[in-house]
2 protein chains.
Amino acid sequence: MKIPLLVPEFREFLAQNKTQELKEFCETSSPALVADFLSALEPNEAWAALQCVSPQVAAEIFTYLEPDLQKELVERLSRDQLARLFSDMSADDRVDLFKSLPEDRREMILPAMAQAEREDIRRLSSFPEGTAGSVMTSDYATLPADISAAEAINRLRREAPDRETIYYAYVVDEKRRLVGFVSLKDLILASPEAKIEKIMHRDVVSACVNDDQEDAARKIQKYDLIALPVTSPEGVLMGIITHDDALDIITQEQTEDMEKLMAITGSHETGIYLHMSVLEHFRNRVGWVVVLAILGLVSGYIVQRYEGLILQFGLLATFMPMLTDTGGNTGSQSATLVVRALALREVSTRDALKIVWKEFRVSLSLALVLALVAFGRVAFLARNCIPAGYSLWTVGLAISTALGLQVVTATLLGALLPLAVASLGHDPAVVASPALTTIVDITGLFIYFATVKCFLWP
Amino acid sequence: MKIPLLVPEFREFLAQNKTQELKEFCETSSPALVADFLSALEPNEAWAALQCVSPQVAAEIFTYLEPDLQKELVERLSRDQLARLFSDMSADDRVDLFKSLPEDRREMILPAMAQAEREDIRRLSSFPEGTAGSVMTSDYATLPADISAAEAINRLRREAPDRETIYYAYVVDEKRRLVGFVSLKDLILASPEAKIEKIMHRDVVSACVNDDQEDAARKIQKYDLIALPVTSPEGVLMGIITHDDALDIITQEQTEDMEKLMAITGSHETGIYLHMSVLEHFRNRVGWVVVLAILGLVSGYIVQRYEGLILQFGLLATFMPMLTDTGGNTGSQSATLVVRALALREVSTRDALKIVWKEFRVSLSLALVLALVAFGRVAFLARNCIPAGYSLWTVGLAISTALGLQVVTATLLGALLPLAVASLGHDPAVVASPALTTIVDITGLFIYFATVKCFLWP
């Protein structure tokens, strides 16, 4: 990738008011690339540069700017400048920016916009966050079924500047119900006189406005689409989601899954780690950590109950960290695999039996290996700590059996908890790995002391 | 989405040899949808259905079939059938299938293909896994700079059936060096006589064949591209990566990051949880778990060293699970955030100081809250367990201080370890959360006993 300009040169152009050069650079380069440049400048410089280019290009570059810079620029704009910017932005980016404005700015700007745009913003912002409706754009191309391929291409050419994509066009009936779609490739390959209804694909893959945004994105991924049409429950075309939005949705959902898995709450937006304040980071992390620390006292209570046993067998305390860690590790492994497979729609809760059976067999193999490790440790390293009256074998067997049982229980809990949460209609990633670790600590310590007691006081 | 056929009907068509109906259904529906249908059938039925449609469509549907079914079908094909299938597949899917074949099948099939295809396969399969070169396709459209927009459209129309996408065309010089690109939208909007060199964008965003595949995919995401050109280090156009591949790469990399974070090894392919054998699952999980269980014995050793202290203060064992868990949780949280921010190219190792400073402040706030929780627990629940000669205040203060120090250490280690691994050029996700948990167990127990000893035997 060639970068034909460097930031100092860019600044010089600005200082010397070389608007023609700036305009040419900004209008021939990729808007994301120009946005990278502007992000390195002061807000007033960035704004000066944006004013050199045509309003459409300025609006496009604006959508790629960092959220902080966007916010700062928006605060400097007059009502009319802001309205102009809004009317040049694509429908989905516009509504995102609109939703990020403070209430008073929102109310101020609406009357300054054309009625069609106002209604478009109201309509798009009415869908709840996380639905397909909330991420779709209304800048799509439609065609009637009864025109020819050549007419269709002419129409798309006329509409192209205002549409998010002209590579897919949707065919609707007189009630705007989605009846088919054609790609620009189909139109170019078809004979110019061929009617759209003859060329169009009728089995359109689509989403409903109320669908989960991740389901919609996964459809784009599965069917390799450039755009996915979104309809009302009655089949009326409402908008489209484009391939680039699908990438962003999937990245965001992945960040969310990973953060939830580590018991981090909050909005799970991407690209804001350094921008987020210490207070916000603290707020997102403190909740679960405190809950789990309090829950960890239950493990403490179990240890306390068996204090007599520990005082008699100092060796038991030695093996506690290994027991709790190993349970947490094996449980987190199975939980992660199940959460991921559920997120990728690879398994559903109907596969619960198959999953549990698989995890049971995996956990038995893991339990065997880990029990051997524990036995080895007792045999080789703890032979001098065995209390009088007990054989090394009995103590070793007791500790290995406890660890084996813990591994099986933890692995199965790790698989079952996300499945249970998913079957209740919640996001399985909330069975965070730290929560699971704390739960299997409790079950594990209980198993540990109960087993050891069983073996040593039969 | 309408599904115009059901599996039983599909079977009936096959049984009654209604090839015309089958052909029509398969050729007008989305190939991914047809592949879904075929996956529900027996392999011989699926193969019979594929033989009703044109070889090109059959090859396209084939690429969407589940890997298991693909493998089974490939085993049934004669050398010539397989060669035919290969020649109709797109270049990147073909090379993926080729690489999955056993050695003897690979050698058998190469001579049956045309020379150009043979060389294409050899070239594409020569790039190491994980590079941009290994995921690119050679089915892209190029244009010379000196033709007109109308001629360009005609050329793309002729080449369309063989190209992965005709929405982006790349402009190359006489040495096939990449000099620009035009979109089909640009061509349609331009006046028919305009020369390509006048319309083309010269600042082409591109990747090099040796780049990481994830970096290439992130470029597609950042610049909202339909395809990204991939060049040799000398700038010669070698292939393209399309938007749908970017989605798959990002999903796969994410699965890899998540699984690595939970100490799961293996190939990290997506969509194979249920297909993978128990043995493979076991192999992918056992390594780290055993290493960590052995490392967990170091924690055990520390506990053993302080056995005298525990025997004197039974209370200390009670707080051990809370101490180790909380350290693991806070450390995993910061590690996850840093690993994710590094994966999304949001921060780099150069931001290490900023990250550590942020995490330090967050950890101080967390430490304060958690120390209060621990103190509360001692004050309200353990007042009867304080050994004679010590005040509740001293014991409470000792335990809270230890927990606070543990939280700060664990959070900083969680941030620093991935940064250190990344700065050595390795994947930061290998600092798995279980490994981190085990490490902060060791540091935590050491801090715990040392602090308590300090307070209680000053």
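Quick note: the coordinates plus some simple rules give every number you see, no bench work behind them. Here the structure is a predicted model, which is why all the values come from computation and not from measurement. Quick reminder, even Gly has a Cβ in these numbers, built from the backbone with ideal geometry, and neighbours come from all protein chains shown.
Worth a mention:
- Distances, shortest first, from the label point of B:Pro387 to those at the same position in the other copies read 1.8 nm; the point lies 7 Å along Cα to C-beta.
- The mean sequence distance of close C-alpha pairs (under 8 Å, at least 6 residues apart), as a share of the length of segment B:350-406, puts its relative contact order at 44 percent.
- Only lysines eight or more places from B:Lys71 in sequence, or on another chain, were considered; those with a Cα closer than 18 Å are B:Lys99.
- The angle separating the long axis of helix A:149-159 from the principal Cα axis of greatest extent in chain A is about 90 degrees.
- At q = 0.11, 0.16, 0.19 Å⁻¹, base-10 log of I(q)/I(0) for segment B:3-157 (Debye sum, equal scatterers on each alpha carbon): -0.52, -0.95, -1.15
- The aspartates and glutamates whose alpha-carbon is closer than 19 Å to the alpha-carbon of A:Lys358, local same-chain residues fewer than 8 away aside, are A:Glu346, B:Asp68, B:Glu259, B:Glu269, B:Glu280.
- Only helices enter this figure: runs of n ≥ 4 DSSP H residues, each worth -39500 (n - 2.57), summed and divided by the residues of chain A, yield -21000 deg cm²/dmol at 222 nm to the nearest 500.
- The packing ranking, built from the mean of other Cβ atoms within 10 Å per residue, places the peptides B:170-179, B:288-297, A:385-394 in the order B:288-297, B:170-179, A:385-394, highest first.
- Between segment A:304-376 and segment A:76-152, the alpha-carbon center distance in angstrom: 51 Å
- A dipole drawn for the protein assembly as shown from +1 and -1 charges on Cβ atoms has a positive end, and of A:Thr394, B:Ala374, A:Ala114 the residue lying farthest that way is A:Thr394.
- In terms of surrounding Cβ atoms within a 10 Å radius of their Cβ, B:Ile199, B:Ile272 rank from fewest to most as B:Ile272, B:Ile199.
- Hydrodynamic radius of chain B per Kirkwood, over alpha carbon pairs, in Å: 26.8 Å
- Charges were assigned to the Cβ only: +1 to each Lys and Arg, -1 to each Asp and Glu. The resulting dipole of chain B about its Cα centre is roughly 2020 debye.
- Model label sites at B:Trp457 and B:Leu368, defined 7 Å from Cα along the beta-carbon direction, differ in position by 3.4 nm.
- Since only B:Val347, B:Leu337, B:Phe360 are under comparison, the one whose Cα sits farthest along the positive direction of the charge dipole of segment B:322-400, derived from C-beta charges on Lys, Arg, Asp and Glu, is B:Val347.
- Taking segment A:7-129 and dividing mean pair separation by its residue count, relative contact order in percent (alpha carbons under 8 Å, at least six apart): 20 percent
- For peptide A:355-365, the mean count of partner chain Cβ atoms within 10 Å of a residue's Cβ comes to 4.
- Check: segment A:7-129 dipole with +1 on Lys, Arg Cβ and -1 on Asp, Glu Cβ, in debye: 380 debye
- Segment A:403-458: relative contact order as a whole-number percent, Cα under 8 Å and 6+ apart: 40 percent
- Helix axis angle, B:79-88 relative to chain B longest principal axis, alpha carbon, degrees: 80 degrees
- The angle separating the long axis of helix B:314-343 from the principal Cα axis of greatest extent in chain B is about 30 degrees.
- For the residues of A:54-67, the average number of beta carbons from a partner chain within 10 Å of their own beta carbon is 0.
- Order of B:Ser29, B:Ser277, A:Ser30, A:Ser433 under a 10 Å beta carbon neighbour criterion, fewest first: B:Ser277, A:Ser30, B:Ser29, A:Ser433
- Cβ-placed point charges (K, R +1; D, E -1), dipole of the protein assembly as shown about Cα centre in debye, nearest 20: 3020 debye
- Across the identical copies, how the B:Arg11 labels are spaced - nm, sorted shortest first, 7 Å along Cα→Cβ: 7.3
- Computing Rg and the Kirkwood Rh from the Cα coordinates of the protein assembly as shown gives a ratio, Rg/Rh, of 1.01.
- Note on B:Lys175: lysines with a C-alpha under 27 Å away, same-chain residues under 8 apart excluded, are A:Lys2, B:Lys185, B:Lys195, B:Lys198, B:Lys219.
- Fraction of the pair-distance distribution of segment B:142-250 above 22 Å, Cα-Cα pairs, percent: 30 percent
- Shortest-first distances to equivalent copies, position A:Arg305, nm, label 7 Å out along Cβ: 3.2
- By the count of neighbouring beta-carbon atoms within 10 Å, fewest first, B:His201, B:His268, B:His281 end up ordered B:His201, B:His268, B:His281.
- Of B:Ser191, B:Phe62, B:Leu417, farthest towards positive along the dipole that unit charges on Lys, Arg, Asp, Glu beta carbons give chain B: B:Leu417
- Additional length obtainable on full extension of the chain from A:His201 to A:Glu66, 0.36 nm per residue less Cα span: 44.7 nm
- Peptide B:149-156 shows a mean partner chain C-beta count of 1 within 10 Å per residue C-beta.
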